[in-house]
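Please treat every number below as a calculation from the coordinates, not as lab data. From a predicted model like this one, the values you see are computed outputs, not experimental measurements. Using ideal geometry, Cβ is built from the backbone for each residue, glycine included, and neighbour counts are taken over all protein chains shown.
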Amino acid sequence: MIDVLRHRIFARLFAAQLIALLGTGLLTVALGLLAFDLAGDQAGAVLGTAFAIKMIAYVSLAPVAHAVAGHFSRKAVLIGADIVRAAVALFLPFIDAVWQIYLLIFVLQAASATFTPAFQAVIPDLLRDERDYTKALSLSRLAYDLENLISPAVAGLLLALMSYHWLFGGTVLGFAGSAMLIALSAVPPGGSGAGRPFLERATRGTRIYLATPRLRGLLALNLVAASVGAFVIVNTVVIVLGEYALTQTHVAYALAAFGGGSMLAALALPRLLDAVTDRLLMITAAFLLATLALVYAAILWAAGPGPFAAFLVVWGVAGLLYATILTPAGRLLRHSAHAEDRPAVFTAQFALSHACWLLTYPVAGWVGEIFGLPPALALLGVVALAAAAAAPALWPTGDTAELAHDHDDLPADHPHLKEFAATGKRHRHVFVIDDEHRVWPTQG
């Protein structure tokens, strides 16, 4: 897998992602502890609201940011977003009220809504080979897992020496280091579609996404992952500090277990995807994750959380299945758009997937606060199971093959039809939604 790092530009950008996520992981731990300081047993509800605000910023601002960013170079957009995130993180140690958490989280995540999809769309433009890109996705998944493994481990060590407020300093250094590495990299410009009207630029990615069957299936799978992931992120601190009455360091261990399972999946996926289709692997993992959530909810309801070691195992398995669902998503997005539309489609995935989190974060926080953790996990498990059942219907088999279709809407002398003059208006090729193909053939 690591041989893809021989690509020097990708290696530098991967290092930037790694450093930024290390800082973000410290932020996740520190924010949970800050919420517990300010709100005590209501920390889960505070975090649920904070993460819902984060999702509102992602869902509402990502398409707008993409449309605006089309007028600037990718490098300038990425560096500018990192600088804003670092500046906001400087203020986090000094807040003393819950409303201040909400305000700063919104501003910081507005910058992330600009940065993340733009960064993700750069990688397929750098790595044209499918196997290299799959390895890059797995490495990227490993980088994201720093939030749940290495960052909490580092946080645990630092918390033994200093107040959690100092962890926010690591967040600032992470974003600043990311900006510096991106500044030293040759970022490809990509196709932004800046010549299109603003509204079309803002909505084009979503239109392509929702018109593509495999991506509609991916949206259902995103909901499965978000249902369980939201419960883990929001309520781990409540379970460890409240139910087990353990320490802040044990919170880091629990998040590390979830991240460790995710890393195991990322390490195994490049070879596994050579033998198993994305569809089969992702849908199977979705059903297993939903089942795990429902079974563990029943155990919590009947017998309580049980031994801490068993809790860590459950979190590790959940992390493994979670990553198995999400890691191959980039391959589906890459196959579903031309290069010039790829940034828009990655932005649509970013916004729509976080819309799922916008639904599940408040459920994890507020239902857990009002009715208890077992009902919250049970409800999220039911949502996950329903979404897993919908995914196979939304995502038919064989949709990556060449599809035969007509073009009654195009004149006979259209350049696209001239490419297939020998077969007339009806012809066959690998199908993606674009200006000449606005409806999937199986939809009529």
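Work out, step by step, the length gained on full extension between residue 38 and residue 310: first 0.36 nm times the residue separation, then minus their alpha carbon distance; give nm to one decimal. Intermediate values should be presented prior to the final figure.
Details: separation 272, 0.36 × 272 = 97.92 nm, distance 2.99 nm.
Using 0.36 nm per residue and subtracting the Cα-Cα distance, I get 94.9 nm.
Quick check: pseudo-label points 7 Å beyond the Cα along Cα→Cβ at residue 268 and residue 291, how many nm apart are they?
1.5
Using only the Cα atoms of the range 2-394, what do you get for the radius of gyration and for Dmax, in Å?
19.7, 61
What distance in nm separates the two pseudo spin-label positions at residue 102 and residue 87, each 7 Å out from Cα along the beta-carbon direction?
Distance between the two pseudo-spin positions: 2.4 nm.
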